[in-house]
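One structure is given here, and the rest of the page talks about it.
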Amino acid sequence: MPGVLLMEQHGADGSNEIKKARTPGVEVSAPVTLRGEESHHMKQVPQFDGPVEQLPNGVYANGATISTSSRPSPASNGDMSDLVAQPNGQLPPELEHWAGNYIPLGKLVERIAQQCYNDLQDVLSEMAEMDVPQAAAVNGVNGHLTTSVAGDTTQANVAKKMRLLDFAQTQRDRFIKTLVLSDWSRNMDDMSKLIDLKVWTDRQFGAHNEAAHWLGILKLNMGGAKLPNPNLESALELLSSGKTTRVPDLGYLPPAPLRPDKMLQTLQEMNALLSIRINLYEELPPHFRQFNIANGRATFIVHSEFEVDLAIADEDPESPFYFIDIRLAFSPAPQLTDGYLRTQLEGKVNEFLTASGLDGCYGFLHGFVLTHKLNTLRKQAMDMRRSEWSESIYIEPIHRLLIVQYWTSQPGPKSWIELGIASGKSTSQYGASPSHQTSFISTRWFRRGVEVKDEQLSFDFRELAMEKILAQVIARHTSYFLQSTLDSLAHAGRTSKALQTELLSSETVPSEYELNVGLDETDSCITLSVEAFTGNIVICPATPATNRAERFMNNNPKADVAAIISDLVCADVQTRLGNHAQRLGWSPAPKFYAQKDRLQRLVNADIIRLNIFSPQGWTSQWAIAAVINLDGISWWVARMDDTPHGSEIGFAQQLAVSNSGLASDYARFMRRIEKLAVEYLSFCSIKQELIHRRVPYKLGDSWRFAAHDTVQMAIRLSRLMGSSDTSWASDLLALKHQGFDAQRNVVQHVIKGMLVDSKHSDLAGLMTQGLDRDAAFHKAGVFTLLFQTLLGAPLIDQVRHRLFAIDRLRRFVRTAKLKGFACDVVSLARFSVRYAETPVTLSFEVHFDANSRSMTLDLAPEGVNPHKRMRAYLEAMLIGDEDGFALVAHVLVTTLPLLQALTRIEERNTDALGVRIHARSLKRYCLEYHTPLPFCSLDVRLRVRHGQTMWHIEEQQLTSESAGRPDALSTALRQLFCSKAECWFGIRQGIVAEVEGVEDALLKLDETIRGVSVTRAASADVEPDPRDSVQLLSTDGAAHSAASGPEIVVLD
């Protein structure tokens, strides 16, 4: 050694310094001295083994000291051997330093602490997954309330404690090592020097060993360079004369050249010998039964393995075969040309032929081929590992066993395939005979950690392709996964006719395996496949929902794939319906609150997805629900009830509709759904009304009201109208839904009926076209009524009012015909007739209220019609009686001459007012003559005498106002009352006139009264009495002067 460095560790001081070195924060520097140092003037000197005389001058053996003046220069790093080799005193090169490659101790401690925390998290997770059995409940007390020592000795508890103790022990050892490193780090400078010296020393030892090895290799290589001394004399003689006497001649005779016939004869003899030998003397192995003999050799053929050529060298049956050639019958296979491998193989084959004959030859070559096949497959697997399969497979070669694990990135249990050589020995007493037992390449497939025994994997080992083998296994795995998913879907939708599934398969290409899942009559389709390299599940088309489903299934090996695919299919249909509904103006139900269990009980079906739509114009009380599951799409009409949580479905009724045509035209189909839903809601409301009124009805599309006219509801007219007369129409009303007007938010219904043969002529051809947009009458007697109501609003009351209006109009028309009136306007809203053709045409018009039985009466021409004074009486009569129109018509005919006469009497008083006319009723009128005419009061009444309508005109009893009446007037009236005309006659106290003669009688009376002479001069001499000024009352009670013209006072 160059020198010995010792620490000052002896004695009390050295011991204390060591103890201080382990105390944090205390720095101790131990001095380095030479052994035997006695004073600070002494320096360290090298020590050598050997005799003293071999040492250089100034250097002493056994650690002797020298003086300070004569001591050599100090050596670096404590090595002073170089000073001996360098007498000039130059220092050797400085050693390479490695302090820059050190890792800080703080970072090491930080990583150890982080690793400890991570390990603690893993331990706690493992302990949480361990199930600890709970103590059984005793006397009704919960098991978790009882504690006992026995609970700590269970296997699970012991396992938990051992796991925690192992963790603590491992961390303790790790931190102890850290403590040791911290102690070493306190002497960092000294340790750095020691490390640098150690590295330098190791390099020196390595250089010495490498030099010795190089010298040995050089010696071995020089062996081939040795050449014998050249024989120059023999060479010169041979080159000059062409022969030499220095080479002895042994006298060998040259062989005769082989002729082709001789060679052919020899080969034929060899063929014969081989045939005799194989057929008579050799017991061939079972796999050598196929052979052929030609060209002096026997070729044994083993399919998909090899072809070996053997020959014999002797006729003796005991002589062995010898190897000629071999050809491998699979690919890829090496070409066994002349070389080291062929030489070794030939020697081994001949060895087995000599020792075991053909059986040994087959056994050796068979094992050689199988091993080579496995090695070829292993090499191909390694090449795959370096290609696109780099992160997808893991290869584990074990002697003559090859394990290839695929889909390594998948969580959960792994999957792999094992390729190995099986002995082929049968384990059953009924197995193959021992002579037929031979080894072969066996395969075992483990899927998710479980060996698959119910599927036979057949690989073609003539064409060795590890990628094809792995692709076939992955294809089987993909097929199993997709088929399992398909079976689960089929079980979930076993009663469904709408679920459409298609499994595309391929035996060798995993990427061609696809599972298409969709619902019938929709264009929705979800494609499920498995990526061949990574085993990840792939779902098409790519949407945010399918991406989330992919991540979930790829991270959870126990995920229910069938349920997820079912949800995706239904979600895709739900999205399509929502998009098309939005284009149609349907809005989703706001604040919808749903409990799945309650909804499934309500609709009596499984609900995977649910859409709630509120079409345009609908109220918030009703909605359309689309229930989507594996049975397809079912459409429901739902009543939405308000709850504290939001609106929820309180009632639902399924619409009997097929989804055919949905995929081709979503908009058209959903409009049809809206129409059916509106129709259902309307008919539900109508049915409730009919049930409440106890009106019989019938639903169905199987019967017809008329040709090519299908009825949806039939109603009994007689029960609908109650006590009203319904003999004018058949007892069958046909109700049909006509649609929904979203702009006005109204539902339209059409009711058809038929007038009886004896009644339909009343309205045939008389209806004014264009006035009734909601009603139509046909010549065949069929009438059609259109009704418009809000969704779910009552309809039957409107039907009753409209049917009553038809009957009323029919009666009006019949009465008008009987009276000879000319009908101008005939409609359910207005009825106008002309009842007289006097110098002016007189007509009246009735306006009907569509929703009630009220009517209004207008007379024309306005202001000229003589019946204006009794319009209020006529309107009250029209409304107050069922046959009011007949009475009005009778009154109009009966009172027309009378009122015409009264009008003409009023026209005679253009200069002054002398007559008051009071209409007491339709049958009674009063005429009062006043100044300047003689006072007279006439009472006109309509009476029936012997079934004949007559007008009675009588003078009322005289009062105080008639005291000054001229006697001439009384005389003229008595004469008139005793006279007789064509249509009237006097009865002493008055006149009885027919309807046609009342006008003439009243005019005669008026002329008689006006014919009495009254001197105006006398009247002028007499100061007019203010009381003689006549005040008239209008119908509204206002006072008018006499100069304003005649006025009729109508008393209601």
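The values are calculated or read from the model by the stated rules, or taken from the named source; none is laboratory data. Quick caveat, the model's predicted, so the values are computed rather than measured. In this analysis, Cβ positions are derived from the backbone assuming ideal geometry, glycine residues included, and neighbour counts consider all displayed protein chains. Keep in mind that these areas ignore ligands, DNA and RNA; they rest on the heavy atoms of the full protein, side chains included. Shrake-Rupley method; radii C 1.70, N 1.55, O 1.52, S 1.80 Å.
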**Message:** Highest mean first, how do 834-841, 449-456, 468-475 rank when packing is the count of other Cβ atoms within 10 Å averaged over residues?
**Reply:** 468-475, 834-841, 449-456
**Asked** Carbon and sulfur: what percent of the stretch 773-813's accessible surface (1.4 Å probe)?
**Response** 54
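Roughly how many percent of the accessible protein surface of the stretch 301-372 is carbon and sulfur, given a 1.4 Å probe and a whole-percent answer?
So the carbon and sulfur contribution to the accessible surface is 53 percent.
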**Request:** List the relative contact order of the stretch 516-673 as a percent without decimals, with contacts defined as Cα pairs under 8 Å and 6+ residues apart.
**Result:** 18
**Length added when fully stretched, Val825-Asp338, from 0.36 nm per residue minus Cα-Cα** = 162.9 nm
**Request:** Might you tell me the accessible area per residue for the stretch 348-497, computed with a 1.4 Å probe and given in Å²?
**Result:** 53
**Prompt:** How about the stretch 534-604: which chymotrypsin sites (Phe, Trp or Tyr not before Pro) there are in a DSSP loop, with at most 15 other Cβ atoms within 10 Å of their Cβ?
**Reply:** Tyr593
**Message:** Show me the ranking of peptides 236-243, 248-255 by mean Cβ neighbours inside 10 Å, starting with the highest.
**Reply:** 236-243, 248-255
**Complete:** the stretch 503-573: spread of alpha-carbon positions along the three principal axes, whole Å, largest first, is 33, 26, 19
**Request:** Using DSSP to define loop residues, name the trypsin sites (Lys or Arg not before Pro) in the stretch 335-426 whose beta-carbon has at most 11 other beta-carbon atoms within 10 Å.
**Result:** Arg386, Lys425
**Request:** Set the Förster radius R0 to 22 Å, insert the Cβ-Cβ distance between Met162 and Gln114 as r into 1/(1 + (r/R0)^6), and round the FRET efficiency to 0.05.
**Result:** 0.35
**Item:** Accessible carbon and sulfur surface of the stretch 532-657 relative to its total accessible area, %, 1.4 Å
**Value:** 49
**Item:** Under Karplus coefficients 6.51, -1.76 and 1.60, residue-wise ³J(HN,Hα) of the stretch 475-492 in Hz, glycine/proline x
**Value:** 4, 5, 5, 5, 4, 5, 5, 5, 5, 5, 4, 5, 5, 5, 5, 5, 5, 5
**Prompt:** When you count, for each residue, the other Cβ atoms within 10 Å and take the mean per peptide, how do 196-209, 973-986 rank with the highest first?
**Reply:** 973-986, 196-209
**Message:** Before I look further, what does the stretch 176-253 give for accessible area per residue, probe 1.4 Å, in whole square angstrom?
**Reply:** 90
**Message:** Please compute the length gained on full extension between Glu531 and Met263, using 0.36 nm multiplied by the number of residues separating them and subtracting their Cα-Cα distance.
**Reply:** 90.1 nm
**Request:** Over the stretch 522-671, give the accessible area per residue in Å² for a 1.4 Å probe, as an integer.
**Result:** 49
